[in-house]
Amino acid sequence: SSSAAAAAASSSSSKNKSTANVHEAGTALSNSKRSSSKKKKKKSGASSDAQQEEGDETNGSTAQGGELVVSAGSPSVARKGRKKSDGRASSLADFLRPRSSSKNSSLVYSATMLVTDEEGWICCLQFDEQRIVSGCLNYRDVKVWDYPTGKCLMNLSGHAGIVYCLQFKDDTLITGSGDGSFRVWDLCTGECKNTVEAHSPNGVLCLQFDDEILVTGCTYKWVKVWDIKTFECMRTLAGHEEAVWCLQFDRQKIVSGSEDNTIIVWDRATGALVETLQGHEAPIRCLQFDQKHIVSGSEDGKINIWDGESYEVLRKLEGHTGSVICLQFSGSRIFSGSFDGSVRIWDLITGACLSTLRGHSLGVYCLQYRDGVLLTGSEDGTIIKWTIG
């Protein structure tokens, strides 16, 4: 899955900034937007979601309609070391008991906190049957955790900047960092097998690889395509005006989303720009596509569902009160995570919000769904496992 903070390069002068400056500017941008969102929410004070969260600290969890509320997400309940408002230490066992949605919801859940990382917040993750791999905004290591126990197995050290993105397949892991490089790791030994200065001094924000190519996006405005065997740059895709936050590709096309509020569809074979999609009012932070749809999440708090052939917006999903930072769709369900601290489940066909999961006390940066299990990673330093029936 459930990705985070580096969009400070909208002009060519940004290319000459140091890695540290790029990271600091990007972090300040995200913190500012998140702070602004929190201030607006506090000022209104009338949000039914906020009221529900407050009430759940003593009631455990409740469900209204399709909304499941887990008390772990209450503002006064957080990870190890914090106190409840009555001064007593919180116990994970007290508030992460199996939960189920109301009779009005077709989905049933249980929640388990797998990981509590005291060193910082989780900005990217992926898991399989044996392990979870995560990157964090507060330090430069990559952590490998046992799945499903959540025990830390190893730290992978080497990057000189924050690790913003990662992907692994079998025992090969590739990570992208604010230091401008991507690294190739052996997950069995923890050894770094290769380091490529891909975008230096601009940070690597997103990546994906298959058996032929690796594609990366950065805090400048470029998308680069690399040979997966030699790690030589095959081509640079120029079309965005600002940082590239997210991307995905298949055998025919590459799709990228940017700080410039646009999504660009590229031809994989030639690198030609096929289409530019404009439909969001703020930066694109996450996307996924298949043959029929492109689904995108933005800092405008909305999720757009686009037709995969005509590239027209079919519908807009509204409900999150903060930036939509991560999403994934599987079958007819869309899972989305936001700065508002919630995870929402949507119907891809109708656009209806099926359920809202509240288990994190701060923004949700990353998620992954597979085989009935959803993992979400958050700024609160935790990874929560949601079992969805």
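Condition (residue is closer than 22 Å to Leu207 by Cα and open to solvent by 20 Å² or more (accessible area, probe 1.4 Å)) applied to segment 296-312: is it met by at least one residue? Yes: segment 296-312 contains one or more residues that are closer than 22 Å to Leu207 by Cα and open to solvent by 20 Å² or more (accessible area, probe 1.4 Å). One residue is enough: does segment 283-293 have a residue meeting the conditions under 19 Å from the mean Cα position of the chain (by Cα), open to solvent by 10 Å² or more (accessible area, probe 1.4 Å) and either farther than 26 Å from Tyr220 by Cβ or polar (S, T, N, Q) (or both)? So far as segment 283-293 goes, yes, one or more of its residues are under 19 Å from the mean Cα position of the chain (by Cα), open to solvent by 10 Å² or more (accessible area, probe 1.4 Å) and either farther than 26 Å from Tyr220 by Cβ or polar (S, T, N, Q) (or both). Considering only residues in segment 325-355 that are hydroxyl-bearing (Ser, Thr, Tyr) and surrounded by fewer than 22 Cβ atoms within 10 Å (Cβ to Cβ), the one that is nearest to Met113 (Cα to Cα) turns out to be Ser330. Checked against the criteria, Thr270 counts as closer than 16 Å to Met234 by Cα, surrounded by fewer than 22 Cβ atoms within 10 Å (Cβ to Cβ) and among the hydroxyl-bearing types (Ser, Thr, Tyr). Would you please name the residue that is most open to solvent (accessible area, probe 1.4 Å), looking only at residues in segment 356-373 that are among the aliphatic types (A, V, I, L, M) and farther than 15 Å from Ser134 by Cα? The selected residue is Leu362.
The number of residues in segment 136-167 that are within 16 Å of the chain's Cα centre (by Cα) and under 17 Å from Asp186 (Cβ atoms) comes to 4.
Yes/no matrix, rows are residues, columns are (1) closer than 26 Å to Phe249 by Cα; (2) in contact with a Gly (Cβ under 6 Å, 6 or more places away or on another chain); (3) in a strand (DSSP E or B):
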{"residue": "Cys286", "(1), (2), (3)": "yes, yes, yes"}
{"residue": "Trp306", "(1), (2), (3)": "yes, no, yes"}
{"residue": "Glu309", "(1), (2), (3)": "yes, no, no"}
{"residue": "Lys316", "(1), (2), (3)": "yes, no, yes"}
{"residue": "Phe329", "(1), (2), (3)": "yes, no, yes"}
{"residue": "Thr350", "(1), (2), (3)": "yes, no, no"}
{"residue": "Leu354", "(1), (2), (3)": "no, yes, yes"}
{"residue": "Leu367", "(1), (2), (3)": "yes, yes, yes"}
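Which residues, taken from segment 223-248, are of a type in the set (Val, Ile, Thr), under 18 Å from Leu166 (Cα atoms) and not in a strand (DSSP E or B)? Once the filter is applied, which keeps residues that are of a type in the set (Val, Ile, Thr), under 18 Å from Leu166 (Cα atoms) and not in a strand (DSSP E or B), segment 223-248 yields only Ile228. Suppose the filter is aliphatic (A, V, I, L, M) and closer than 29 Å to Asp267 by Cβ; does Met234 pass it? Against the criterion (aliphatic (A, V, I, L, M) and closer than 29 Å to Asp267 by Cβ), Met234 qualifies. Among the residues of segment 248-255, not a single one is open to solvent by less than 30 Å² (accessible area, probe 1.4 Å), farther than 19 Å from Val295 by Cα and touching a strand residue (DSSP E or B) at 6+ places or on another chain (Cβ under 7 Å). The set of residues in segment 274-284 being part of a loop (DSSP other than H, G, I, E, B) and under 23 Å from Ser332 (Cα atoms) consists of Gly279, His280.
The values are calculated or read from the model by the stated rules, or taken from the named source; none is laboratory data. Everything numeric in this text was worked out from a predicted model, so none of it was measured. Positions of Cβ are backbone-derived with ideal geometry, glycine not excepted, and every protein chain shown enters the neighbour counts. Each accessible area value is taken on the protein alone, full model and side chains, heavy atoms only, with ligands, DNA and RNA left out. Shrake-Rupley method; radii C 1.70, N 1.55, O 1.52, S 1.80 Å.
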